[in-house]
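The values are calculated or read from the model by the stated rules, or taken from the named source; none is laboratory data. Computed from a predicted structure; not experimentally measured. Positions of Cβ are backbone-derived with ideal geometry, glycine not excepted, and every protein chain shown enters the neighbour counts.
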């Protein structure tokens, strides 16, 4: 399991872990002593190992961890359950202080002597935070605006993380403040992915997750940053790209697995998204 890593700058990185296998997967990355780690378990369960795997922290779906220790290195040694996904933000202390210096009183480890600090927190992901987290996990953007988008979303997530007011930012889509509605929106995404080759109609999907169509469309756009089927198209093509890289499936087989009736339709859709044909993409990747 190799994470997708996006560097906002040399002081802040976003890790996206997805385990698409049917068994647990591992990842190990060394980090600097001044790194502040935020881990958000969006799906499944995760175990974070420390001290040469002699100690572990476990986090379930919809839980988040904050880890900071200037006295001992805390690598990302992650065991992620089958089908799980984790979004992690790693920021060095100086960068975090630069962004939030005027609001430093709300950040506990900014107080006192930072070189002697160690801090740990585990909590539930609040509904307001789930929206930008999922948008970062499943973004679809032109490369020219990715860095700006990632920075904006990281700042939004950090602001919500340290916010002491109870979800006062949900006026735009108030029903998403309800955990049950958030659960239904996430279920709709899971249904789409599980049936990507033959997805249900919008009416059937709304019925399956027990939401009115209008609320499903509005909520899905808020959480995942795109319409239901635009999200599905991007997911299918990205999944197809990963399948191609395994070198175990033909182009036609990959297209069929993600719901294209003919190889030509799949090739056309792939080229529209990635700017090249599947075979050319593979050839360029192997260089």
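A compact table of results
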item: Hey, residue 135 surrounded by 17 or more Cβ atoms within 10 Å (Cβ to Cβ) and either within 23 Å of the chain's Cα centre (by Cα) or modelled with pLDDT of 80 or more (or both) or not; result: yes
item: Residue in the range 167-176 that is under 19 Å from residue 64 (Cβ atoms), surrounded by 15 or more Cβ atoms within 10 Å (Cβ to Cβ), within 19 Å of the chain's Cα centre (by Cα) and at pLDDT 80 or above present; result: no
item: Those residues of the range 185-207 which are modelled with pLDDT of 90 or more, more than 26 Å from residue 254 (Cα to Cα) and in contact with a helix residue (DSSP H, G or I) (Cβ under 6 Å, 6 or more places away or on another chain), in sequence order; result: 206
item: Filter result for the condition that a residue is at negative phi and either modelled with pLDDT of 70 or more or not assigned by TED's automatic domain parsing to the domain that holds residue 46 (or both), over 106, 90; result: 90
item: Filter result for residue 282 (surrounded by fewer than 20 Cβ atoms within 10 Å (Cβ to Cβ) and either in the same structural domain as residue 22 (by TED's automatic domain parsing) or touching a helix residue (DSSP H, G or I) at 6+ places or on another chain (Cβ under 7 Å) (or both)); result: yes
item: Residue 97 part of a strand (DSSP E or B), surrounded by fewer than 17 Cβ atoms within 10 Å (Cβ to Cβ) and modelled with pLDDT under 90; result: no
item: Wholly enclosed helices (runs of 4 or more DSSP H) of the range 177-287 bearing at least 1 residues closer than 24 Å to residue 153 by Cα and either in contact with a strand residue (DSSP E or B) (Cβ under 8 Å, 6 or more places away or on another chain) or in contact (Cβ under 8 Å) with a residue 24 or more places away in the chain (or both); result: 179-194, 213-224, 228-245, 263-274
